[in-house]
Structures are given as structure tokens and as C-alpha cells.
Amino acid sequence: MSERNSFFSAGGDAGRYETSSGSYSRKRRIRGRAGLRDMVRETSLSVRDLICPMFIAENAADAGPVASMPGVVRHRLDDLEREIEQVAARRIPAVLLFGIPSHKDAQGSGAYDSNGVIPAAIRRIKASREDLIVVADVCLCEYTDHGHCGIVREDHIDNDETLPLLAKAAVAYADAGADVVAPSAMMDGQVAAIRSALDANGRHETAILSYAVKYASALYGPFRDAAACAPKFGDRRSHQMDPANVREALAEAEADVAEGADLLMVKPAGAYLDVIAAVRQRCPQVPLAAYQVSGEYSMIKAAAANGWIDERRVVIETLTAIKRAGADIIITYFAKDAAEYLHS
Ligand code: PBG
Ligand code: ZN
């Protein structure tokens, strides 16, 4: 809109406030023209902020669309290049990889097999697009037959038995060419264990994006369909955080920085904007990522499919809010769509 839209402007004295100089402040003066609105916008969303999550199936039979996440696909290993080209063509700088292994067992051995689905995927991606930043999620739940994030002993997940396995997975991904490893298991000490294993294997350059603040959220439901990693019994509340807590989130974030995290993450994003803002303030020395998770994606998709909301506007609004709260980086299943909106 190039003309001031006077139809929508306040008339008369409405909205006028006297300033100290005796003139009047009208907040709407800077909202009447698109060019002026662009100039005074405080938060800018860029395609450079985005990370695109990707599911990769080791067995071609497990590939295909994810029913609860319209538009999201489990990719075949031998068909990765096409998706990677689409991501790169939109100038999205990074992908975050999740594997669906052909075999699951109690130890989650597929997670740290150097010939497993993720190392294979990383090698393929790096062979076709060396400049694309590859982030590899590090957890056991996609690889264990019981669906838990660590080694199960009787009725609990054994923290310290799980750490060396997470570290081994991180080294396998770094060796395959991952730029960043992202531990999501919420085991205490996982960042320190991974940092020392990477360093012991000469992987000093591999960065750690820590899922430092990961809540036990009901919004991960569609992801667990996509990655077939719902726990067969119990839940994740013994390691993921209580959604009611924020001081604990700051303690988690500080601990992970002390252990050597290069980047921090808050997850989910939309319902935790206060947590994003608090972590950003408490840990100004590290970049902060936020994960707009599967449930956030599916809720927007479902409402848009019903014609109840405008998908494009809601996507831009939610991503802008996540940045405004203090995130530098956003992981979102809308990455490809958002990149197109931002380029147009
Ligand atoms: C694995 C993991 C999960 C997600 C990311 N990594 C699932 C979980 O913790 O149950 C959720 C991502 C999403 O919902 O989009 N630990
Ligand atoms: Zn997990």
C-alpha cells in the first residue's frame, strides 16, 4: 500500500496524548504506510535463521508421508539428494537429521553404528552439498525397541550407562561429516560426555547444539508417529522437564554451557516464549535455538486445512514471535514454506 490509508486512520481527537512540549503523540503515524512499517519493524525473520528437520528411513518400506504431519515425508536414503536440492535451492543453511533404523534393540545399537542410517545419510548429503550444514540429533529412542531415550534397568533409565552410547553416536556422526551434533536425550552430563569423546577422537571442530531445555511436552505426538519412537511403557517425565518450571530451565542451560555446549536450544517454542526470553538473558554468550515442534506444526496445518486460519500468515507470525522472544535460530517443519514466503 503506497497511499496512507485514511479510511482506517483515527479521526478527531481519538488516540491523542499530549507530550511535554504540548504537541500530540499519535502512535498510528508510523503504521499508516507499508514502507514506514518496514523501517520500524523491530524483529526480522530471515531464511538464514532456519533449520529444516528431516526424517530418513533406512528401509525404503518405511519411507513415505507422515499422516499426522501433512507435507512432511520420511525420506529414503537413496532419494535424499532431491530433498537436499530443494532445501539448498531455498538457501536454508542447515538440516537436522532423524533416523528410522531397519533394526531396533534394547541398547539402541543402530544409533551408534558407524554404518547406520544417520552416518550413511550424512555421507550422502555431504557428497552432494558440502556447504549445507548438517546437524545430527543424538538420542537412542528412535533406535531402542522399548522406545526410551536410554538404557532401561528395571523401572528406570540408567543415566550413566547411557552416556557412553550417546558419546559413541556423536563421534560416529562427526566422523561421517556432521558439522553439529544435537544431544536430545536429556541425560545429565551428556554434553560433557560428548565433548570429551569428540575431542578424544580429534573432532575438536564439531559443535554441540544442546537440547538443554526440553520439556516433557504433549506436543511431540506427531514426531513419535513420524520416527516410530513412542515409549512402549511409561513416559519421558523422569528426564524431560516439567512444563511448569522456568528457574530449572536456567539451571539446565547454565550447566550445559559449563559442560561445553556451543549452542543451546529450548523446545517446544510457541508455548515457551518466556523460557526463550529468560535463557537468552541468562546465557548471552551462546547462540540460542528454539524448536517449533511437530505438534505446533500439525495444529497449524489442521486449522489451515479447515480454512479456520491463514496458514502463511500464521507461519510468519509464529516464527517472528519466536525470534522476538530471543531465539537466533529456529528449527521448524515449515522451513521450506517459510523460505518461499520470505523470498517472495
Ligand atoms: C528424540 C526427540 C523427540 C523430538 C526431537 N528429538 C521426541 C521426544 O522427545 O519424544 C521431538 C520433536 C518434535 O516433536 O518435532 N528424543
Ligand atoms: Zn529420545
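The values are calculated or read from the model by the stated rules, or taken from the named source; none is laboratory data. Quick caveat, the model's predicted, so the values are computed rather than measured. Every residue, glycine among them, receives a Cβ derived from its backbone with ideal geometry; neighbour counts consider all protein chains shown. Accessible surface is based on the protein model in full, side chains and every heavy atom, while ligands, DNA and RNA are left aside. Shrake-Rupley method; radii C 1.70, N 1.55, O 1.52, S 1.80 Å.
Hey, among ASP160, ASP175, which residue is in a helix (DSSP H, G or I), away from ligand 2 (no atom under 11 Å from the Cβ), within 16 Å of ARG203 (Cα to Cα) and open to solvent by 50 Å² or more (accessible area, probe 1.4 Å)? Give the steps one after another, and end with the answer.
Working: ASP160 fails: within 16 Å of ARG203 (Cα to Cα).
Testing whether each residue is in a helix (DSSP H, G or I), away from ligand 2 (no atom under 11 Å from the Cβ), within 16 Å of ARG203 (Cα to Cα) and open to solvent by 50 Å² or more (accessible area, probe 1.4 Å) leaves just ASP175.
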| Here are ALA305, ALA253: which of them is surrounded by fewer than 19 Cβ atoms within 10 Å (Cβ to Cβ) and assigned by TED's automatic domain parsing to the domain that holds LEU219? | ALA305
| Any hit, region 191-211, residues being within 15 Å of ligand 2 (Cβ to nearest atom), in contact with a Cys (Cβ under 6 Å, 6 or more places away or on another chain) and not basic (Lys, Arg) | no
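In region 316-344, what residues are in a strand (DSSP E or B) and of a type in the set (Ser, Thr, Tyr)?
Step one: of region 316-344, the residues in a strand (DSSP E or B) are 329-332.
Hit for region 316-344 is THR332, nothing else.
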| said: Looking only at region 206-241, how many residues end up being among the basic types (Lys, Arg) and in a helix (DSSP H, G or I)? | reply: 1
| request: Identify, by number, the condition in (1) within 16 Å of ligand 1 (Cβ to nearest atom); (2) touching a residue at least 60 places away in the same chain (Cβ under 8 Å); (3) of a type outside the set (D, E, K, R); (4) in contact with a Leu (Cβ under 7 Å, 6 or more places away or on another chain) that GLY234 doesn't meet. | output: (4)
| Going by the conditions given, is LYS168 outside any helix (DSSP H, G or I) and buried (at least 17 other Cβ atoms within 10 Å of the Cβ)? | no
| field | Among (1) among the basic types (Lys, Arg); (2) modelled with pLDDT of 95 or more; (3) open to solvent by less than 70 Å² (accessible area, probe 1.4 Å); (4) out of contact with any Lys or Arg (no Cβ under 8 Å at 6 or more places or on another chain) - the single one ARG224 does not satisfy | value | (2)
| field | GLU296 being open to solvent by 10 Å² or more (accessible area, probe 1.4 Å), within 13 Å of ligand 1 (Cβ to nearest atom), in a helix (DSSP H, G or I) and touching a helix residue (DSSP H, G or I) at 6+ places or on another chain (Cβ under 9 Å) | value | yes
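Conditions (1) without any contact (Cβ under 8 Å) to a residue 60 or more places away in the chain; (2) within 20 Å of the chain's Cα centre (by Cα); (3) farther than 24 Å from THR43 by Cβ, marked per residue:
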| site | (1), (2), (3) |
| --- | --- |
| LYS214 | yes, yes, yes |
| GLU259 | no, no, yes |
| ALA269 | no, yes, no |
| ALA278 | yes, yes, no |
| request: Go through region 125-151 and count every residue that is in contact with a strand residue (DSSP E or B) (Cβ under 9 Å, 6 or more places away or on another chain) and away from ligand 1 (no atom under 15 Å from the Cβ). | output: 6
| task | Might you check whether a residue that is over 11 Å from the mean Cα position of the chain (by Cα), among the aromatic types (Phe, Trp, Tyr) and farther than 23 Å from GLU83 by Cβ occurs anywhere in region 305-325? | result | yes
| Here are some residues: ALA289, ALA261, ALA244, ALA278. Which one is open to solvent by less than 50 Å² (accessible area, probe 1.4 Å) and assigned to a loop (DSSP other than H, G, I, E, B)? | ALA261
| Unique match (being open to solvent by 20 Å² or more (accessible area, probe 1.4 Å) and among the hydroxyl-bearing types (Ser, Thr, Tyr)) among SER184, SER210, SER238, SER217 | SER238
| Of all residues making up region 260-294, the number that are within 16 Å of ligand 2 (Cβ to nearest atom) and either of a type outside the set (S, T, N, Q) or in contact with a strand residue (DSSP E or B) (Cβ under 7 Å, 6 or more places away or on another chain) (or both) | 5
| remark: Checked pairs for region 308-321, first closer than 14 Å to LYS336 by Cβ, second open to solvent by less than 40 Å² (accessible area, probe 1.4 Å) and of a type in the set (Ser, Thr, Tyr), C-beta under 9 Å and 6 or more apart or across chains, list as VAL315/THR332; LEU319/THR332
